[in-house]
1. If you wrap a convex hull around the C-alpha atoms of the range 1-154 and split its volume per residue, what is the figure in Å³?
2. Compute log10 of I(q)/I(0) for the range 43-126 with the Debye formula, placing one identical point scatterer on every Cα and leaving out solvent, at q = 0.25 Å⁻¹, to two decimals.
3. Between Leu243 and Lys98, how high is the FRET efficiency from 1/(1 + (r/R0)^6) when r is the Cβ-Cβ distance and R₀ = 22 Å? Nearest 0.05.
4. Hey, fewest Cβ within 10 Å first, where do Cys87, Cys186, Cys113 land in order?
5. What distance in nm separates the two pseudo spin-label positions at Leu189 and Glu85, each 7 Å out from Cα along the beta-carbon direction?
6. Relative to the first principal axis of the alpha-carbon coordinates of the chain, what is the inclination of helix 204-216, with its axis defined by its Cα atoms, in degrees from 0 to 90 and to the nearest 10?
7. Just subtract the alpha-carbon distance of Glu158 and Asp38 from 0.36 nm times their residue separation and send over the number in nm, one decimal.
8. Please compute the modelled spin-label separation between Leu198 and Ala180, points set 7 Å along Cα→Cβ, answer in nm with one decimal.
Amino acid sequence: MSEDETAPNASSQARWLITGANGNLGTRLILNLLNDTDSSVVAVVRSERARGVIEQLDLTLDQRERLEIRVLDYGDEAALRSAAEGCTAAVHLVGILKATPGASYEEAHEQSCKVLTRALAGSSVQHLTYMSIVGSEASASNACLASKGRAADILLGESLPACVIRVPMVLGEGDYASYALKQRACGKLAFGFRLASLEQPIYAGDVIAAIRAANRNRVSGLLDLAGPEVLTRRALTERAAGLLGRSPRQISLPIALGRVVLGLIERLTGNPPVTVAMLDVLDHDDDVDPQPALDTLNMGGLTPLDKALQMVLGN
Ligand SMILES: NC(=O)c1ccc[n+]([C@@H]2O[C@H](COP(=O)([O-])OP(=O)(O)OC[C@H]3O[C@@H](n4cnc5c(N)ncnc54)[C@H](OP(=O)(O)O)[C@@H]3O)[C@@H](O)[C@H]2O)c1
């Protein structure tokens with residue numbers, strides 16, 4: 001099932017509140033929802049730069065009239081409550097993979113969920129969807145996964161029906177994960193940590209379809225949704241390379257070495273491009289059965305990996 005197949009008459013007269021709306025999934029969701037002439041969107045972002053990203057989306061005049069952009073601080077409950085006025089559905093897409101000295105996991109995940117639930121209490125919003133990461137549990141040893149897990153628990157403990165969808169690597173046209181995969185596939189030599197780690201990439205269009213299905217069917221609770229194939233990171237790069245007519249030599253480095261090196265860089269610089277916590281999220285072995293989630297969401301199927309790769313690699 002592609003995101004387009006779910007678009008017509010998916011949620012008549014729906015007004016969607018989307019937080020983190022300028023991100024990969026947010027912009028894609030906006031474009032998808034506005035294809036439905038009965039839908040309107042309140043896109044919430046936290047900077048003028050992010051507003052600019054949304055203003056540059058390729059929309060018709062009619063679609064633009066059904067889009068409102070609010071710039072606010074995710075800690076500002078009153079501003080969020082005002083943005084949610086008249087909305088029937090909410091999708092919370094705020095999240096980080098890398099914590100920095102200025103942006104903690106706690107603030108981006110738990111705090112933003114706490115404020116959002118207070119803002120939505122007693123509002124017109126009837127359903128909330130939150131995107132999380134496969135392996136996110138409050139008890140996880142990884143700081144990012146534990147924080148995402150606690151954030152999900154906050155939402156699931158509220159009376160507003162909420163669906164938390166945990167996904168692994170998402171591949172979409174023009175996003176960073178697809179770009180990085182293409183870079184690895186196109187090089188002559190590709191180094192990576194623990195290339196035997198398991199990946200289960202899901203096409204971004206399927207994630208959008210899942211968000212819409214969760215709302216349409218008022219699904220509540222926790223779902224694990226992942227792509228149709230589980231393969232090693234090495235095999236994923238080989239698949240992408242094969243489609244691009246390339247054959248890189250891949251060299252696997254021990255994950256322990258990555259932790260030591262990144263830990264040192266973290267201590268020396270304070271804000272490295274990749275942190276140990278981030279490395280461990282990326283190294284997580286993803287191997288989940290997506291069928292229960294597909295059944296609950298009443299979704300027909302997932303985009304085959306080769307088809308997804310062809311779309312995102314621009315082949
Ligand atoms: N894409 C994936 O592979 C993937 C996989 C699993 C789960 N998810 C989850 O899906 C959600 C959306 O993913 P995405 O790919 O669209 O993410 P994205 O492109 O990185 O967008 C993230 C959004 O969160 C906002 N944000 C980042 N740090 C923040 C902070 N400290 N405080 C408040 N807002 C902050 C960003 O705003 P600024 O632009 O202003 O920073 C942006 O609007 C995330 O929660 C993510 O955890 C994504």
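Each value in this text was obtained by applying a stated rule to the coordinates, not by laboratory testing. The structure presented is a predicted model; accordingly, all values stated were derived computationally and were not measured. Here the Cβ positions follow ideal geometry from the backbone for every residue, glycine too, while neighbour counts run over all protein chains shown.
1. 114 Å³
2. Listed by q, the Debye log ratios stand at -1.30.
3. Details: r = 29 Å, r/R0 = 1.32.
Taking R0 as 22 Å, the efficiency between Leu243 and Lys98 is 0.15.
4. Values: Cys87 20, Cys186 15, Cys113 26.
Arranged by neighbour count, lowest to highest, Cys87, Cys186, Cys113 become Cys186, Cys87, Cys113.
5. Calculated label separation equals 6.1 nm.
6. 30 degrees
7. Numbers: separation 120, 0.36 × 120 = 43.20 nm, distance 2.84 nm.
Roughly 40.4 nm would be gained on extension.
8. Output for this residue pair reads 2.0 nm.
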